[in-house]
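Just so it is clear, none of the values below were taken in a lab; they were calculated from the coordinates. Treat the numbers as computed from the prediction; the structure is a model and nothing was measured. Quick reminder, even Gly has a Cβ in these numbers, built from the backbone with ideal geometry, and neighbours come from all protein chains shown.
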Amino acid sequence: MDHARLARANLNLLVTLDVLLEVGSVTRAAERLGVTVSAVSHSLRALRETFDDPLLVRGRGGLTPTPRALALVGPLRTGLVTLDQALADDPRFDPATSTREIRLATTDYVAIVLSPSLIPALRRVAPRMSVSVHSVEENEVEGRLERGELDAAIFPSFRDLGVLKRRKLFDDGFACLVREDHPEVGKRLTLARYVALGHALISPQGRGPTFVDRALAERGLSRHVALRIQSFAAAPLVVASSDLVLTAPMRLARAFARHGGLRVLPPPLPLDRFPNYLYWHERFDHDPAHVWLREQIASAASQLPST
């Protein structure tokens, strides 16, 4: 560590750079920092001199980071988060008085399933805390957890954990959803009828074959996907007003069927169950607030009915 170089550094400039890299706008950065636009502009000029690089240049959607600035994003955020924790007035964590924002990355499926038990529990023991749920690409999760931009993530198994730690929360299976008065579906859904119907497909990534298509292909069958949609929440609403069939996680299907207009049926072919895991970065493994949060999430998951 070069203490002399650190002594010459202006921490306020680094905080400003961190915000600029996040919001991509001098005006929004000024609002976030509670300073004037001209103060942020002055800081940006000083940063450009310090790093001998433009750092942020004008683009169609706002300020665009240069390659030098992009290389700073991860180390800068990690360092500032660590410093913020070290400078906290009281390192002890008290959920009853904390005003912390909990930042979770997950799908709307998990949010729909877990929120009814998680949010009331948090409101009882941490009434001043808030929760924000973020939709994040799988390949961004590890970096954002490491930088402290997210506190935890809930997803099925990742192919590469890296330095992330995980804890199993719950298993789920699959069910089929059709509208309650579907003219072509009786008390059960046969494989022949299933293949003949038009399908709604939930595809968060928006592309590629699914486990259902592979299971059908093993039997020499295929289906017609009439609607491909990224949102778990929107798909059942479309099915409720159409003749499409949707194959979805069992817990999600039951949640929507409880509100009427939909019927839950077992799939006409075997589909494997899948686990959902809670992920966090090893940097925060022993952080009191993170430990508390993970226990709250695990407790909420343990209250889910079996499928």
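What spacing in nm lies between the two simple spin-label points modelled at Phe274 and Ala71, each 7 Å away from Cα in the Cβ direction?
3.8 nm
Apply 1/(1 + (r/R0)^6) to the Cβ-Cβ distance of His286 and Ser41, taking R0 = 41 Å, and write down the FRET efficiency to the nearest 0.05.
Working: r = 41 Å, r/R0 = 0.99.
According to the calculation, E is roughly 0.50.
If amide hydrogens are placed 1.01 Å from N in the peptide plane, which non-local residues have theirs closer than 5 Å to the one on Ile102?
Ser130, Val131, Ser132
By how many nm would the segment from Ala298 to Ala217 grow when fully extended, if each residue of separation counts as 0.36 nm and the alpha-carbon distance is taken off?
25.5 nm
Name the residues whose placed amide hydrogens come within less than 5 Å of the amide hydrogen of Val136, ignoring near sequence neighbours (fewer than 5 apart) on the same chain.
Amide H neighbours of Val136: Thr106.
Using a Förster radius of 30 Å, what is the FRET efficiency between Arg60 and Leu83 based on their Cβ-Cβ separation? Nearest 0.05, please.
Efficiency, from the Cβ-Cβ distance: 0.35.
Please report the antiparallel percentage of the DSSP beta bridges confined to the chain, to the nearest 5.
Of the beta bridges lying entirely in the chain, close to 60 percent run antiparallel.
What does DSSP give for the range 174-272 in terms of the percent of beta bridges that are antiparallel, rounded to the nearest 5?
In the range 174-272, approximately 55 percent of DSSP beta bridges are antiparallel ones.
May I ask for the net charge around Gly62, where only other residues with Cβ less than 13 Å from the Cβ of Gly62 are counted and Lys, Arg are +1 while Asp, Glu are -1?
On the way: positive: Arg28, Arg58, Arg60; negative: Glu22.
My count for the surroundings of Gly62 gives +2.
Could you order peptides 250-261, 17-28, 41-52 by the average number of other Cβ atoms within 10 Å of their residues, highest first?
By packing density, highest mean first, the sequence is 17-28, 250-261, 41-52.
Using 7 Å Cα-to-Cβ label points, what is the His259/Val125 separation (nm, one decimal)?
Modelled inter-label distance: 2.9 nm.
Lys and Arg at +1, Asp and Glu at -1: add these up for the other residues within a Cβ distance under 12 Å of Val125 and post the number.
+1
So, in Å, what gap is there between the alpha-carbon centers of the range 207-227 and the range 240-307?
23 Å
Could you state the angle between the C-alpha long axis of helix 108-125 and the longest principal axis of the C-alpha atoms of the chain, as a value from 0 to 90 degrees rounded to the nearest 10?
On a 0 to 90 degree scale, this one is about 60.
With Cβ to Cβ distances under 15 Å as the rule, what net charge do the other residues near Ala196 carry (K, R +1; D, E -1)?
My count for the surroundings of Ala196 gives +2.
To the nearest 0.05, what FRET efficiency results for Glu49 and Glu140 with a Förster distance of 25 Å applied to their C-beta separation?
Result of the calculation: an efficiency of 0.20.
From the gyration tensor of the Cα coordinates in the range 3-86, what semi-axes in whole Å does the equivalent ellipsoid have, largest first, with each one equal to sqrt(5λ)?
The answer is 20, 15, 13 Å, longest axis first.
Can you pull the one-decimal nm distance between simple spin-label points at Val238 and Phe93, each 7 Å off the Cα toward Cβ?
For Val238 paired with Phe93, the spin-label model returns 3.9 nm.
Among Arg223, Arg103, Arg263, determine the one that fluctuates most according to a GNM of the chain built with springs between C-alpha atoms less than 10 Å apart.
Arg223
Give me log10 I(q)/I(0) at q = 0.08, 0.11, 0.12, 0.16 Å⁻¹ for the chain, Debye formula, one equal scatterer per alpha-carbon, no solvent.
-0.50, -0.83, -0.93, -1.27
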